[in-house]
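Peer 1: My questions will all concern the structure given below.
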């Protein structure tokens, strides 16, 4: 019984959303493996350079030290973020939020300006896929060799090539997982624990998880992450307009496409510049045909531009049949780089950047918490004096040791019951100090708002004021 | 209603795609929830102030537990959405034409 006769038109349409109805057998078709062809050219070199720099930064910065501690460490176990000279505490989440806003708005800004630059050059998915593809080329050979190898029987050579590739992939994936976790737990002690087989359970779990994610994403899922999993790929079109740089095929120049002899005159044969060699399709990491127009699968890696330019050179035709262009330019209109959208994104970016610079420069690397003793409101001492107990929590967020002095004010003759002297707090640590204040009974009756102030003895600009209460009978 | 194997195959494939989508979108939202949540709350609070079963919880375990909790809640919401959309009659997401 055919599918059409059993199902209502609505049910059919619902199914048609899965796969085109013209070929019902494709219901079963798993996505076909894509063998991206190797490509050389201007954009390929730029991408290789970006990939090398980004991978170098990722694997390298983890080992960088800054004044005795790891330069970039989001120390989750200790709840402290080290960013070179700056140490952020959970109380400083504001800065992290600003940094994330800056990252998001930059993405919008560059997408509006130059299309999917991030996808094609800087997205970790692209970067690690390039790395894994490079390994694949070194072990299994070029595109045609890889296809032949996959189709052929399991010879000794195939086993050797495939297992070499898998070992290299697994090694890179494992090291990537280790490095990634090394940004969240100190990488040197993580390394020492690893070599002495004394890693903690959670460290092993996260390293394993991120290794697996790297291996799966860069080795197998590849373009499917961009096509099916990436939300950004779907909504980036909201940042696009007719002046956004996109990779486009010049249809008016290329069509009608068709094969021809080298040196023959295309015009007399009624042909456009496209020789239909399909190299642009073969090099595409997401397996699309750019000649069908802009598609959301296109990650703007520009591999098709490189491939087509090489062919145009061979055909002695001008380059740029496929090129970076804008919709306006393609239709013979002027492209406007300066446009409201860019100014809005740019202004947002500038505002967030200014906010972070201003607030960071005004930041006092000191936190004071005052906790009143909960057990007793007050205590009478030496007959005529009233005493209140407090606990001071002093957090030295600076990278240097400081000695702090305490002053209390807000009530006549308010004094410390015992002199505290200077309170020394090591860099990046918390000190809890029990402390008692006392005042004469005749002024102490009732509840009095008082002010505590600590000042670094060696740096008077590092100071904090905190309000609390002094309670009498 | 008799169904051809092709239709069953398509339905099964759609089910797996749905499961994948639900797990993936809830994973993304769990990551966001973990960053925001644990910036505000130290997971050790669970040990110090939470129920007795958390008495031996260290911070790393707290992060992991929190992440999986957020993931589960996200998957619940995401899964319910997909279920409601797919089980609607007439289909909630058709192409605009009446059947």
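The values are calculated or read from the model by the stated rules, or taken from the named source; none is laboratory data. The shown structure was predicted, so the numbers you read here are calculated from the model rather than taken from an experiment. Every residue, glycine among them, receives a Cβ derived from its backbone with ideal geometry; neighbour counts consider all protein chains shown.
Peer 1: Look at segment A:275-286 and say how many of its residues are in contact (Cβ under 8 Å) with a residue 24 or more places away in the chain and surrounded by fewer than 17 Cβ atoms within 10 Å (Cβ to Cβ).
Peer 2: 1
Peer 1: If a residue has to be surrounded by fewer than 16 Cβ atoms within 10 Å (Cβ to Cβ), more than 18 Å from residue A:184 (Cβ to Cβ) and within 14 Å of chain A (Cβ to nearest Cβ) to count, how many in segment B:56-75 make the cut?
Peer 2: Final tally of qualifying residues: 1.
Peer 1: What's the number of the only condition in (1) within 30 Å of residue A:405 (Cβ to Cβ); (2) within 30 Å of the chain's Cα centre (by Cα) that residue A:350 fails to meet?
Peer 2: (1)
Peer 1: I'd like the full set of residues that are surrounded by 15 or more Cβ atoms within 10 Å (Cβ to Cβ) and under 13 Å from residue A:392 (Cβ atoms), limited to segment A:434-449.
Peer 2: Correct list: A:435, A:436, A:437.
Peer 1: Turning to a different aspect of this structure: Only one residue in A:334, A:354, A:338 is surrounded by fewer than 16 Cβ atoms within 10 Å (Cβ to Cβ), at pLDDT below 90 and farther than 29 Å from residue A:255 by Cβ. Which one?
Peer 2: Being surrounded by fewer than 16 Cβ atoms within 10 Å (Cβ to Cβ), at pLDDT below 90 and farther than 29 Å from residue A:255 by Cβ holds for just one of A:334, A:354, A:338, which is A:338.
Peer 1: Going through B:78, B:34 one at a time, which residue ends up being surrounded by 12 or more Cβ atoms within 10 Å (Cβ to Cβ), away from chain A (no Cβ under 11 Å) and modelled with pLDDT of 85 or more?
Peer 2: Of B:78, B:34, the one residue that is surrounded by 12 or more Cβ atoms within 10 Å (Cβ to Cβ), away from chain A (no Cβ under 11 Å) and modelled with pLDDT of 85 or more is B:78.
Peer 1: Please state which of the following conditions residue A:195 fails to meet, knowing it meets all the rest: (1) surrounded by fewer than 20 Cβ atoms within 10 Å (Cβ to Cβ); (2) modelled with pLDDT of 95 or more.
Peer 2: With (1) surrounded by fewer than 20 Cβ atoms within 10 Å (Cβ to Cβ); (2) modelled with pLDDT of 95 or more applied to residue A:195, the lone miss is (2).
Conditions tested, residue by residue: (1) at pLDDT 85 or above; (2) within 13 Å of chain B (Cβ to nearest Cβ); (3) part of a helix (DSSP H, G or I); (4) over 30 Å from residue A:146 (Cβ atoms).
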site: A:18; (1), (2), (3), (4): no, yes, no, no
site: A:21; (1), (2), (3), (4): no, yes, no, yes
site: A:35; (1), (2), (3), (4): yes, no, no, no
site: A:50; (1), (2), (3), (4): yes, no, yes, no
site: A:55; (1), (2), (3), (4): yes, no, yes, no
site: A:58; (1), (2), (3), (4): yes, no, yes, no
site: A:81; (1), (2), (3), (4): yes, yes, no, yes
site: A:111; (1), (2), (3), (4): yes, no, yes, yes
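Peer 1: So, one more: Looking at residue A:85, is it in contact with a strand residue (DSSP E or B) (Cβ under 7 Å, 6 or more places away or on another chain) and closer than 21 Å to residue A:226 by Cβ?
Peer 2: no
Peer 1: Listed residues A:293, A:272; which is more than 24 Å from residue A:143 (Cα to Cα), buried (at least 18 other Cβ atoms within 10 Å of the Cβ) and more than 28 Å from the chain's Cα centre (by Cα)?
Peer 2: Just a single option satisfies the conditions, and that option is A:272.
Listed here are the residues, each with its yes/no results for (1) under 17 Å from the mean Cα position of the chain (by Cα); (2) surrounded by 20 or more Cβ atoms within 10 Å (Cβ to Cβ).
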{"residue": "A:117", "(1), (2)": "yes, no"}
{"residue": "A:122", "(1), (2)": "yes, no"}
{"residue": "A:137", "(1), (2)": "no, no"}
{"residue": "A:140", "(1), (2)": "no, yes"}
{"residue": "A:143", "(1), (2)": "no, no"}
{"residue": "A:147", "(1), (2)": "no, no"}
{"residue": "A:151", "(1), (2)": "no, no"}
{"residue": "A:156", "(1), (2)": "no, no"}
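Peer 1: Inside segment A:180-190, can you point out the residues that are in contact with a helix residue (DSSP H, G or I) (Cβ under 8 Å, 6 or more places away or on another chain) and free of Cβ contacts under 8 Å to residues at least 24 places away in the same chain?
Peer 2: A:190
Peer 1: Let me ask something else. Would you say residue A:368 is farther than 28 Å from residue A:47 by Cβ, in contact with a strand residue (DSSP E or B) (Cβ under 9 Å, 6 or more places away or on another chain) and either outside the structural domain of residue A:436 (by TED's automatic domain parsing) or not in a loop (DSSP other than H, G, I, E, B) (or both)?
Peer 2: yes
Peer 1: Still on this model: Which helices (runs of 4 or more DSSP H) does segment A:166-245 wholly contain that include 3 or more residues that are under 30 Å from residue A:336 (Cα atoms)?
Peer 2: A:231-235
Peer 1: For segment A:98-106, check the following and say yes or no: at least one residue is in contact (Cβ under 8 Å) with a residue 60 or more places away in the chain, within 30 Å of residue A:235 (Cα to Cα) and in contact with a strand residue (DSSP E or B) (Cβ under 7 Å, 6 or more places away or on another chain).
Peer 2: no
Peer 1: For residue B:10, are the conditions met, namely being more than 9 Å from chain A (Cβ to nearest Cβ) and crowded, with 18+ Cβ neighbours inside 10 Å?
Peer 2: no
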